[in-house]
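The values are calculated or read from the model by the stated rules, or taken from the named source; none is laboratory data. These numbers come from a predicted model, not from an experiment. When we count neighbours, we look across all protein chains shown, and the Cβ atoms used for this are built from the backbone with ideal geometry, even at glycine. Accessible surface is based on the protein model in full, side chains and every heavy atom, while ligands, DNA and RNA are left aside. Shrake-Rupley method; radii C 1.70, N 1.55, O 1.52, S 1.80 Å.
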Amino acid sequence: MQIQSKLPDVGTTIFTVMSSLAVQHNAINLGQGFPDFMMSEELVSLVNTAMQQGNNQYVHMNGLPLLREKLAEKCLKLYNNNINANDEITITPGGTYAIYTALTAVLNKGDEVIVFEPAYDSYIPNIVVNGGTPVLISLEYPSYKIPWDVVRASITPKTKMIMLNSPHNPTGMVLSEEDIVQLKEIVTQHDIFILSDEVYEHLIFDNKKHLSILRCPELFERSFVCFSFGKTYHCTGWKLGYCIAPKALSTEFRKVHQFNCFSCNSPAQVGIAAYLQNENAYNKLGKEIQKKRDYFRELMQATPFKLIPSYGSYFECYSYEDVSNESDFDLAVRLTKDYGIATIPVSSFYNNKTDNKVLRFCFAKKEETLEKAVERLIKWKG
Ligand code: PMP
Ligand code: GLN
């Protein structure tokens, strides 16, 4: 039997490719974004207790009510948005799933979706599998700023949605107030939905403020805003997240969600609901992770790589165009095999494989891991 592929051009995600290669060659993995340090023992213990107390059956399909209430309180405190916990928050098995579900709920065949590249690798296949057409716009290199004039010129009667990601993976770019002004003007004038991927909301540095879509009523009324507990609490393997959207949009989101996942891991939801009392766990996160970024930056000065500054996320990008012409994919593979350090080639985040000779490094690691990694990297001379 032959299957007619819905995604004929899609291979295996670069994260799995590089992580598998890292395991095969016993390399230090600064590729895929996950921390190698222990998450909060308190949160682990809260989830354990939840299991021991019998919270092991299905919770409500939209998520544990207490968890949604706590998240609504957090939104009010941080973004001054009085979200309705009942109607506007849905707990999902991760941020990626939330993004997929929002696209599935909204897209009809032929709808166009504006996506900025480099783009997180799930966005384009998610649009295509739902019959949509990605309209790809490159961020300016090397600032990775949004070229708003190009956005304006790309709007057509079919433009249904614009996807945003701040702090941005892979570049660490963050939206500015000016970006929000431009966005407002465009989406209100042309009646466009927004999908805002804010999984790195707390991983933001240099005293910058996370400009969540949740802060602006004119934007929120047309938005799906997606989050990940995996990123906020350093437990990427738990795969739990949520989507906040106005009632009418959440209703459509839930129509898809209820027949795909229905309800998410219950003990983790009980544990996180209790842990949300601890505001320090997320308020201090940016400063803690910035220390790692700063330390990594300092170490990287001893290598031939040139910094492209990151203001958020788990990642920092470095250019090697001054020292080598090798393709970023080939270099990433060679560094893994021959030098024992895995990274992600940034061309993988472009549909047309634009290769600016840039690698992405995940610095959410123990200091000793970063030290060992750079010790190995120093040996590469281009
Ligand atoms: N969006 C971006 C930009 C990400 O980097 C991630 C992290 N993998 C996600 C969404 C989704 O996170 P998860 O599905 O692991 O919760
Ligand atoms: N978000 C992580 C990254 O960018 C990995 C997620 C995944 O492996 N799908 O590295």
Averaged over every viewing direction, what's the projected area of the C-alpha convex hull for the stretch 291-330? Give it in nm², one decimal, please. 3.2
With x for Gly and Pro, the residue-by-residue ³J(HN,Hα) of the stretch 134-142, computed from phi through the Karplus equation 6.51 cos²θ - 1.76 cosθ + 1.60 at θ = phi - 60° and given in whole Hz, is x, 10, 8, 10, 7, 5, 5, 9, x
Averaged over all directions, how much area does the convex hull of the C-alpha atoms of the stretch 320-382 cover when projected, in nm²? 4.3
State to the nearest 20 debye the size of the charge dipole of the stretch 1-144 about its Cα centre, where the only charges are +1 on K and R beta carbons and -1 on D and E beta carbons. 260
Simple spin-label estimate for Asp294/Glu367, 7 Å along Cα→Cβ, in nm, reads 1.2
Considering the dipole of the chain built from charges on the beta carbon (Lys and Arg +1, Asp and Glu -1) around the Cα centre, which of Thr336, Leu240, Ile137 is farthest to its positive end? Leu240
For Asn278 and Ile378, FRET efficiency with R0 = 35 Å and r from the beta-carbon atoms, rounded to 0.05? 0.35
With label points built 7 Å along Cα→Cβ from the Cα atoms of Gln258 and Phe37, find their separation and express it in nm. 4.3
Calculate for the chain the 222 nm mean residue ellipticity that helices alone would give, adding -39,500 (n - 2.57) per DSSP H run of length 4 or more and normalising by residue count, nearest 500 deg cm²/dmol. -11000 deg cm²/dmol
By what distance, in whole Å, do the Cα atoms of the stretch 128-222 stretch along each of the three principal axes, largest value first? 39, 30, 28
Using +1 at the Cβ of each Lys and Arg and -1 at the Cβ of each Asp and Glu in the chain, identify which of Val59, Trp148, Ser196 lies farthest towards the dipole's positive end. Val59
As a test question: what accessible area, to the nearest 10 Å², does Tyr314 have when a 1.4 Å probe is rolled over all protein chains in place? 0
Pop the C-beta distance of Lys6 and Asp149 into the FRET formula with R0 = 35 Å and round what comes out to the nearest 0.05. 0.55
Test of understanding: in a Gaussian network model of the chain with alpha carbons linked when under 10 Å, which of Met300, Met38, Met173 would top the mean-square fluctuation ranking? Met38
P(r) of the chain over all Cα-Cα pairs, binned every 10 Å from zero, in whole percent: 5, 23, 32, 26, 12, 1
Between the stretch 270-331 and the stretch 191-222, what is the C-alpha centre distance in whole Å? 20
Cα centre as origin, Lys/Arg/Asp/Glu Cβ charges: the stretch 1-85 dipole, Debye: 260
So, how do all the Cα-to-Cα distances of the stretch 104-171 break down into 10 Å bins, in percent, from 0 on up? 21, 52, 25, 1
Picking from Pro157, Pro170, Pro304, which is most flexible by a Gaussian network model of the chain using Cα springs under 10 Å? Pro157
Zone residues, the stretch 187-227, relative to Asn80, backbone N less than 11 Å from point 7 Å out along Cα-to-Cβ: 215-217
For the stretch 221-372, calculate the relative contact order in percent as a whole number, restricting contacts to Cα pairs under 8 Å that are 6 or more residues apart. 17
Extent along principal axes [Cα atoms of the stretch 189-229; Å; largest to smallest]: 34, 21, 14
Based on alpha-carbon atoms only, what is the radius of gyration of the stretch 1-138 relative to the globular estimate 2.2 N^0.38 Å? 1.37
For a quick check: with amide H placed at 1.01 Å from N, whose amide H comes under 5 Å from Ile344's, ignoring anything fewer than 5 positions away on the same chain? Arg360
Kindly write out, for the stretch 258-271 in residue order, the coupling ³J(HN,Hα) from the Karplus curve 6.51 cos²θ - 1.76 cosθ + 1.60 (θ = phi - 60°), rounded to whole Hz, with x marking Gly and Pro. 5, 9, 10, 10, 6, 9, 9, 2, 6, x, 5, 5, 5, x
For Cα pairs less than 8 Å apart in space and 6+ apart in sequence, what is the mean separation divided by the residue count of the chain, i.e. the relative contact order in percent? 25
DSSP beta bridges in the chain, what fraction antiparallel, as a percent rounded to 5? 50
Enter the accessible area of Val47 (Å², nearest 10), with the probe set to 1.4 Å and all protein chains included. 10
Over the stretch 119-206, calculate the relative contact order: mean separation of alpha carbon pairs under 8 Å at least 6 apart, over the residue count, as a percent. 28
All-pairs alpha carbon distance profile, the stretch 88-132, 10 Å steps from 0, percent: 27, 53, 20
With unit charges on the beta carbon (Lys/Arg positive, Asp/Glu negative), name the residue among Tyr282, Cys264, Val174 whose Cα is farthest towards the positive pole of the charge dipole of the chain. Cys264
Please work out the Cα convex hull volume for the stretch 182-311 and give it in Å³ per residue. 161
Anchor Lys292: lysines whose Cα lies under 23 Å away (excluding residues fewer than 8 positions away in-chain): Lys208, Lys209, Lys231, Lys284, Lys306, Lys365, Lys366, Lys372, Lys379
Residue-span extension gain [Asp338 to Thr156] - 0.36 nm each, minus C-alpha spacing: 60.7 nm
About the Cα centre, and with charges only on the beta carbon of Lys, Arg (+1) and Asp, Glu (-1), how big is the dipole of the stretch 191-344? Nearest 20 debye, please. 600
Calculated log₁₀ intensity ratio I(q)/I(0) where the Debye formula runs over C-alpha points of the stretch 260-382, q = 0.10, 0.12, 0.14 Å⁻¹: -0.42, -0.57, -0.70
How much length would be gained if the chain were fully extended between Lys208 and Glu140, taking 0.36 nm per residue of separation minus their Cα-Cα distance, in nm to one decimal? 22.4 nm
